[in-house]
Amino acid sequence: MLSALMKRYGSGLKTLTVVLLCLSQTGCLKWFRVAEFGLQFCNFDGHFALQYEQPQPVLWMRDPVLLKSDVDDLLGVTPTQIYQLPDQALLRAGYYFVNREDSRTDRPIFGFELEYLAPEEDWRLYKGIGDEKVSRILPLALVEQGFRALCSRNTDYSLSRIRFGLTNINRSLLPNQGEITALLGPSAYQSESLESDRDFTPLQPAEPLNHRLGYEFDKIGDDNNPGRMKMEIGYAKSGEVLIIQARYSQYEFAVDFTRQRATVYRL
């Protein structure tokens, strides 16, 4: 598999990083698959297709790499529901979230689904499906810009962090405060002191924040709440989104649109 990676992506720093990640972790073959999936974003059009199947955004994997066991381990939580489609050749896992501040706690606020093909040895991830609210919050052009940013010259890898640039992101495509609040429902808190929740890694945006909104979501189907998601969104006085921070399962996500960079931490 190493020779295949070198043949496809070269023998430079990124391939060396893959090797170091593998040697430092258990389940070496899994980490090779994860690394190959990440490196596929360097040739986005060759490996992926992104489109709307109204009203849902869909990401297709032309060359499926990740096994279902890889995805389960990376997410760190079980699906809300999982079932085989009628032809038995596809497996679908759904993850659905509710807003803890919403009285209609049995009604999903948003969610996503993953579909797997049944090859010879194991189920392979080939399709990711967002719900209608995802498509309203994240326009197709913005989603594609984000995916393409996953492999760029200024991407920085380490054993516990991936940082990449967002210079190609068009901030005008981001929904404003009113649009996000209408879609996600009531916030758990609002802060005008501009101090982030202590659970999040501090960010220092290049433009002044006016206030923050905090959200908490629970994944349906988790009685002891291991799938709880915390999110903070920082706004300018105009209502424009400047920063987003979230924690889910074993990850923290920090996006600073003012400095055009994003970081994913493995906790």
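In segment 251-267, which residues are in a strand (DSSP E or B) and either farther than 12 Å from Gly165 by Cα or open to solvent by less than 50 Å² (accessible area, probe 1.4 Å) (or both)? Before the answer, list the steps.
Taking segment 251-267 as the starting set, the residues that turn out to be in a strand (DSSP E or B) are 251-256, 261-266.
Listed by number, the residues that qualify are Tyr251, Glu252, Phe253, Ala254, Val255, Asp256, Ala262, Thr263, Val264, Tyr265, Arg266.
One line per residue, one yes/no per condition, for (1) modelled with pLDDT of 90 or more; (2) exposed (fewer than 13 other Cβ atoms within 10 Å of the Cβ):
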| residue | (1), (2) |
| --- | --- |
| Gly178 | no, yes |
| Gln190 | no, yes |
| Pro205 | yes, no |
| Asn210 | yes, no |
| Arg228 | no, no |
| Arg247 | yes, no |
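The values are calculated or read from the model by the stated rules, or taken from the named source; none is laboratory data. What you see is a predicted model; the values in this text were computed from it and never measured. Glycine also receives a Cβ, built like all others from the backbone with ideal geometry; neighbour counts cover every protein chain displayed. We work out accessible area using only protein heavy atoms, side chains counted, and drop any ligands, DNA or RNA first. Shrake-Rupley method; radii C 1.70, N 1.55, O 1.52, S 1.80 Å.
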